[in-house]
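**Student:** Can you read through this structure? Questions will come right after.
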Amino acid sequence: MDLGLSGKSVVVTGGASNIGRAITLAFAKEHAAITIGDIDLPQAETVAQEALKLGASNVHVVKCDVTDLKEVKNLFSEAVRINQTVDVLVNNVGWDDLKFFTQTDPAFWNKVIQVNFVGVLNCTHTALAIMIPNSKGSIVSISSDASRQGEPREAVYGGMKAGINSFMKTIAKENGRYGIRCNVVCPGVTIPHENQVGEKSMWSDVESMFTQEQLGKITKALPLKKIGRPEDIANSVLFLAADKVAGHVTGQVLSVSGGYSMIG
Ligand SMILES: NC(=O)c1ccc[n+]([C@@H]2O[C@H](COP(=O)([O-])OP(=O)(O)OC[C@H]3O[C@@H](n4cnc5c(N)ncnc54)[C@H](O)[C@@H]3O)[C@@H](O)[C@H]2O)c1
């Protein structure tokens with residue numbers, strides 16, 4: 001099905017690894033014009049080449065730390081310089097190191113807050129300044145089922161992701177009048193295929209995130225009895241980004257997690 005995304009200018013933050021990589025490649029198959037903002041240039045360049053082969057209208061990589069508003073402004077300026085506008089923003093960057101709250105300190109909290117929440121504020125604020133005059137746009141933010149369930153070892157991260165869910169609903173209400181839709185996807189555990197992450201990915205050492213035994217237990221506990229793959233998340237992002245199929249959907253939080261969260 002043609003989703004009407006061909007030639008659309010799409011900014012994907014953290015588009016170099018795992019879920020962000022799959023999102024970039026999914027838009028590439030729809031022939032979008034993609035700008036990847038990431039701190040991992042070599043891995044982002046590798047993904048850009050893959051995206052071009054899959055049919056992206058064009059792909060550009062901009063080195064950007066989403067916690068730095070100046071770098072974020074440069075990312076969007078580049079997207080506009082190359083593709084005239086920004087139609088879609090995917091706030092995908094996120095980071096955590098799994099630890100009980102009692103094992104963490106303010107420096108750790110601050111990093112989690114900056115990367116997971118302030119990064120979304122920086123990118124959304126900058127994108128809206130482009131989208132509002134256009135009277136159109138779609139923003140999809142990647143949150144987490146940790147925001148809906150409460151997850152041991154993800155206290156501050158889960159709090160920030162819950163902040164994203166609420167923030168995006170308000171942004172949806174404030175900007176619907178400009179034809180801008182804002183939605184959220186909450187992945188559950190989503191592991192990369194081999195060689196699909198760079199060295200700055202949380203998954204550069206999978207075992208440091210979850211042991212095989214833990215992954216086995218998670219699989220058994222999920223209603224669908226399988227761990228998520230990055231394509232599962234990318235497909236839902238495509239749907240929410242595309243006016244053609246989700247043109248009347250805004251302010252929604254969608255879990256894509258094998259049934260881990262079931263929110264009415
Ligand atoms: N994988 C999962 O199990 C899972 C589960 C729930 C939610 N999520 C969320 O999905 C999103 C993607 O997760 P992932 O597993 O693909 O992560 P990942 O660590 O594999 O990839 C993150 C990407 O973001 C980049 N990045 C990190 N910090 C950055 C910064 N400050 N500025 C710009 N780029 C930066 C990295 O270089 C990497 O390319 C995140 O928001 C994450 O919180 C993931």
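**Student:** Working only within segment 124-159, note down all residues that are under 14 Å from the mean Cα position of the chain (by Cα), within 16 Å of the ligand (Cβ to nearest atom) and either of a type outside the set (V, I, T) or more than 14 Å from D96 (Cα to Cα) (or both). Show your work before the answer.
**Tutor:** Residues of segment 124-159 that are under 14 Å from the mean Cα position of the chain (by Cα), as a first pass: 124, 138-145.
Checking which are within 16 Å of the ligand (Cβ to nearest atom) leaves us with 124, 139-145.
T124, I139, V140, S141, S143, S144, D145 - these are the residues of segment 124-159 that are under 14 Å from the mean Cα position of the chain (by Cα), within 16 Å of the ligand (Cβ to nearest atom) and either of a type outside the set (V, I, T) or more than 14 Å from D96 (Cα to Cα) (or both).
**Student:** Could you check G228 against (1) within 10 Å of the ligand (Cβ to nearest atom); (2) out of contact with any strand residue (DSSP E or B) (no Cβ under 7 Å at 6 or more places or on another chain) and say which number it fails?
**Tutor:** (2)
**Student:** Within segment 202-209, does at least one residue satisfy the condition of being in a loop (DSSP other than H, G, I, E, B) and either acidic (D, E) or in contact with a strand residue (DSSP E or B) (Cβ under 6 Å, 6 or more places away or on another chain) (or both)?
**Tutor:** Yes, there is a match, as at least one residue in segment 202-209 is in a loop (DSSP other than H, G, I, E, B) and either acidic (D, E) or in contact with a strand residue (DSSP E or B) (Cβ under 6 Å, 6 or more places away or on another chain) (or both).
**Student:** Just a yes or no: is a residue in segment 43-55 surrounded by fewer than 24 Cβ atoms within 10 Å (Cβ to Cβ), in contact with a helix residue (DSSP H, G or I) (Cβ under 7 Å, 6 or more places away or on another chain) and of a type in the set (G, A, S)?
**Tutor:** yes
**Student:** So which pairs qualify, if the first residue must be in segment 235-264 and farther than 24 Å from L25 by Cβ, the second must be outside any loop (DSSP other than H, G, I, E, B) and modelled with pLDDT under 95, the Cβ gap must be under 8 Å, and the two must be at least 6 apart or on different chains?
**Tutor:** Once the first residue is farther than 24 Å from L25 by Cβ and sits in segment 235-264, its partners that are outside any loop (DSSP other than H, G, I, E, B) and modelled with pLDDT under 95 give Y260/Q149; S261/Q149.
**Student:** Consider V66 against the criteria (1) surrounded by 24 or more Cβ atoms within 10 Å (Cβ to Cβ); (2) under 22 Å from D232 (Cβ atoms); (3) among the aliphatic types (A, V, I, L, M); (4) touching a helix residue (DSSP H, G or I) at 6+ places or on another chain (Cβ under 8 Å): it satisfies all of them except one. Which criterion is unmet?
**Tutor:** Exception for V66: condition (2).
The values are calculated or read from the model by the stated rules, or taken from the named source; none is laboratory data. Everything quoted here is computed from the prediction, not taken from an experiment. Neighbour counts are summed over all protein chains in view; Cβ atoms, including those assigned to glycine, are modelled from backbone coordinates with ideal geometry.
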